[in-house]
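Below you'll find the structure, written out as structure tokens, and then a few comments.
The values are calculated or read from the model by the stated rules, or taken from the named source; none is laboratory data. Note that the coordinates shown come from a computational prediction; the quantities given were computed from them, not determined experimentally. Glycine also receives a Cβ, built like all others from the backbone with ideal geometry; neighbour counts cover every protein chain displayed.
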Amino acid sequence: MSADITEMILDDHDWFRRQFLRLADLRDHEDKVDEAAEVWEELAIYLEVHASAEEEHFYPSMATRADDSDASATEDAIGDHDDIRAGTEKARKAEVGSEDWWAAIDETDQANNHHMSEEESDDLGPFRRVTSLAFRQELGAKFEQFKVEHAHGKGLSFEQKDPDAYVEAVTS
Ligand SMILES: [Fe+2]
């Protein structure tokens, strides 16, 4: 039996928070830049895999089946994913360990925290009220499968998605 997609999303959120805490430990230690770079690299990739997996298997149902009749919560979430993508993109362009690099990580952390808290309160709860456990488990299996297929970001563009175009595509 597969897990409920809303719980899998929460598990990923917990992992994200822990990785940002690890980065806080490594910051301000010049001898730990390589370790920070490793933690960040894995985190930045997984933020994209997670967002893309949601866009593929959670938000299409959220936009059309849950209590999001005008798809505004979905549109907002995709915009948030783009803000997170903007942060990781800045970090990719900055020199590892530089002030700009850490600033881009902070920006990503803030965008991600904002997004996770909204997603947890505005999306996951309402979604559970209008869907069955069996349906959420079905989505959970697809969510997991997507993450396996795109492990380490394989086949993903890492590019921002237009929230309007996304909503249009999944609701039409
Ligand atoms: Fe999300």
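Side notes on the structure shown:
- Enumeration of residues in segment 151-165 that are under 15 Å from ARG85 (Cβ atoms), surrounded by 12 or more Cβ atoms within 10 Å (Cβ to Cβ) and out of contact with any His (no Cβ under 9 Å at 6 or more places or on another chain): GLY153, PHE158, ASP162
- Against the conditions (1) more than 24 Å from HIS150 (Cα to Cα); (2) more than 15 Å from the ligand (Cβ to nearest atom); (3) hydrophobic (A, V, I, L, M, F, W, C), ALA73 satisfies every one except (2).
- Candidates are the residues of segment 57-75 that are in contact with a helix residue (DSSP H, G or I) (Cβ under 8 Å, 6 or more places away or on another chain) and surrounded by fewer than 17 Cβ atoms within 10 Å (Cβ to Cβ); the one that is modelled with the lowest pLDDT is ASP67.
- Exactly one residue out of ALA44, ALA51, ALA63, ALA37 is over 18 Å from the mean Cα position of the chain (by Cα) and in a helix (DSSP H, G or I): that is ALA37.
- Residue match in segment 55-66 (condition: acidic (Asp, Glu) and free of Cβ contacts under 8 Å to residues at least 40 places away in the same chain): no
- Filtered by the rule that a residue be within 16 Å of the ligand (Cβ to nearest atom), closer than 14 Å to PHE16 by Cα and of a type outside the set (D, E, K, R), segment 83-124 gives ILE84, THR88, THR108, GLN110, ALA111, ASN112, ASN113, HIS114, HIS115, MET116, SER117.
- Scanning segment 111-149 for residues that are touching a helix residue (DSSP H, G or I) at 6+ places or on another chain (Cβ under 9 Å) and among the aliphatic types (A, V, I, L, M), we see that the one that is surrounded by the fewest Cβ atoms within 10 Å (Cβ to Cβ) is VAL130.
- Inter-residue pairs, beta-carbon under 8 Å, first in contact (Cβ under 8 Å) with a residue 24 or more places away in the chain and part of a helix (DSSP H, G or I) and in segment 77-89, second more than 11 Å from the ligand (Cβ to nearest atom) and of a type in the set (Ser, Thr, Tyr), 6+ apart: ILE78/TYR166; ILE84/THR108; GLY87/THR108; THR88/THR108
- Among residues of segment 1-18, those that are surrounded by fewer than 17 Cβ atoms within 10 Å (Cβ to Cβ) and either among the polar types (S, T, N, Q) or away from the ligand (no atom under 16 Å from the Cβ) (or both), counted: 4
- Any hit, segment 29-43, residues being within 16 Å of the ligand (Cβ to nearest atom) and within 27 Å of GLU149 (Cβ to Cβ): yes
- TRP102 meets each of the listed conditions (1) in contact with a helix residue (DSSP H, G or I) (Cβ under 8 Å, 6 or more places away or on another chain); (2) of a type outside the set (D, E, K, R); (3) crowded, with 16+ Cβ neighbours inside 10 Å apart from (1).
- In segment 31-45, the residues that are touching a Lys or Arg at 6+ places or on another chain (Cβ under 9 Å) and either under 14 Å from GLY153 (Cα atoms) or in contact (Cβ under 8 Å) with a residue 40 or more places away in the chain (or both): ALA36, LEU43, ALA44
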